[in-house]
Amino acid sequence: MAKINFDEKELQGQGMYAFEGTWYGAPYGPIEQLSPPISPVENFKSCLAGEAYEWMPDCSCDLVDITPHCIPDVDASDYEGGIDTFGVKWVALENGLPAMVEPGKPVLKDISDWKNLAWPDVASWDWEACGKRYQEKIGDGRIKRGIMLSSYFERLISLMDFEGAAMALVEDPEEVEEFFDKLTDYHLEVVNHYKKYFDVDVIMAHDDWAAQRSPFFSINTVRTLLVPQYKRFVQHCHDLGIYFTLHSCGNGKILAPTMIEAGVDFWQLQENAMDLEEVVSLYGDTIGLESYFEVPADDTEAKAFIINKIQIMSKAKKPMISFFDLQESRSFDVRRFVYEQQRKAALAKTN
């Protein structure tokens, strides 16, 4: 891609992006479309491929997450709760957060009972209607990312509660492996439908592997039980021309090498659980890194914060970033300020 210098005209608005669906029951926030020198899709694909980009891709603006309500997990995990893809009950919380699995009532008390689960009939979900609705609303101006809200360990937790899931990994890894293998078959079928009805560019699977201080399990457990599954999962996406992002919260930096071994393209990480500069230094050349930040309330602090995070992330080969601002009024336009800093960081990288 030929280098294009920054022009103030790029900050001119062209109306608002349209969104469809919800994120854990919450509507997507309004985002203004600016006037970049190339399309967000072209720029994003350059970054995904590890090539030079014109501005650091912004996952809140240049990408649209697809969370279709035809997937039972989407409604079950909203604010009201419901029944998820595997028949697990999710209940509303009183603290204003999205629903959680009803505690103390595991569907599986013994991992060996997984063979008795009623597996979802993916083809029976109304993909065609959801795909048509999304296409009419969002069009093709941005990268499309299909979301899978629970993958392997998270799915095991929802079925067995955390303690039961953790113990199963240790006490009966053979049964866990068989269950995960069947789960991969399910994942591949979902991916096929995402590709057919939404023509997604990226799949993002949720699978938290760590708490704030340390991982839930050892790196050997990941290599034995998760890496083989993710290799098959990721390869299937790649065969369809889809990039793969793993959302995994917590302090999982010591497990990142296994993501690389599995072929994961991007790690969507929880920045406040780790030293972001250290993560970029360790893995920024070998796996794409995506992080998201809440902008501080104070305007002066907010500008410095945005500049600092963009500077850190720009050191990664394939960086993606998002900023979320909860303040209704500002002395400056956050959207334009973020874009300008992302643009200048990209130009500094290629000069």
One residue from Glu54, Glu20 being over 16 Å from the mean Cα position of the chain (by Cα), modelled with pLDDT of 95 or more, farther than 30 Å from Asn116 by Cβ and acidic (Asp, Glu): Glu54
Using beta carbons and a limit of 9 Å, which pairs, at least six apart or on different chains, have the first residue in segment 269-295 and without any contact (Cβ under 8 Å) to a residue 12 or more places away in the chain and over 25 Å from Val334 (Cα atoms) and the second one buried (at least 21 other Cβ atoms within 10 Å of the Cβ) and among the acidic types (Asp, Glu)? none
Which condition breaks for Leu97 when tested against (1) among the hydrophobic types (A, V, I, L, M, F, W, C); (2) over 29 Å from Arg335 (Cα atoms); (3) free of Cβ contacts under 8 Å to residues at least 24 places away in the same chain? (2)
Every residue from segment 306-329 that is exposed (fewer than 15 other Cβ atoms within 10 Å of the Cβ) and not in a helix (DSSP H, G or I): Phe324, Leu326, Gln327, Glu328, Ser329
For segment 180-208, which positions are assigned to a loop (DSSP other than H, G, I, E, B) and either closer than 16 Å to Tyr243 by Cβ or among the hydroxyl-bearing types (Ser, Thr, Tyr) (or both)? Asp199, Val200, Asp201
Please determine, by comparing only the residues of segment 1-25 that are among the hydrophobic types (A, V, I, L, M, F, W, C) and free of Cβ contacts under 8 Å to residues at least 24 places away in the same chain, which one is surrounded by the fewest Cβ atoms within 10 Å (Cβ to Cβ). Ala2
Cross-chain or 6+ apart pairs with Cβ under 8 Å, segment 116-145 first and within 27 Å of Leu48 (Cα to Cα), then of a type in the set (Val, Ile, Thr) and part of a loop (DSSP other than H, G, I, E, B): Lys144/Val200; Arg145/Val200
Quick one: would you say Gln235 is of a type outside the set (A, V, I, L, M, F, W, C) and farther than 14 Å from Ile203 by Cα? no
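The rows are residues; the columns are (1) surrounded by 16 or more Cβ atoms within 10 Å (Cβ to Cβ); (2) at pLDDT below 95; (3) among the aromatic types (Phe, Trp, Tyr).
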site: Glu178; (1), (2), (3): no, no, no
site: Val190; (1), (2), (3): yes, no, no
site: Tyr197; (1), (2), (3): yes, no, yes
site: Val202; (1), (2), (3): yes, no, no
site: Asp207; (1), (2), (3): yes, no, no
Of the residues Ala205, Ala168, which is over 22 Å from Val74 (Cβ atoms) and aliphatic (A, V, I, L, M)? Ala168
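The values are calculated or read from the model by the stated rules, or taken from the named source; none is laboratory data. It should be emphasised that the depicted structure is a prediction, and the values quoted were computed from it without experimental measurement. Neighbour counts run over all protein chains shown; Cβ positions are idealised from the backbone, glycine included.
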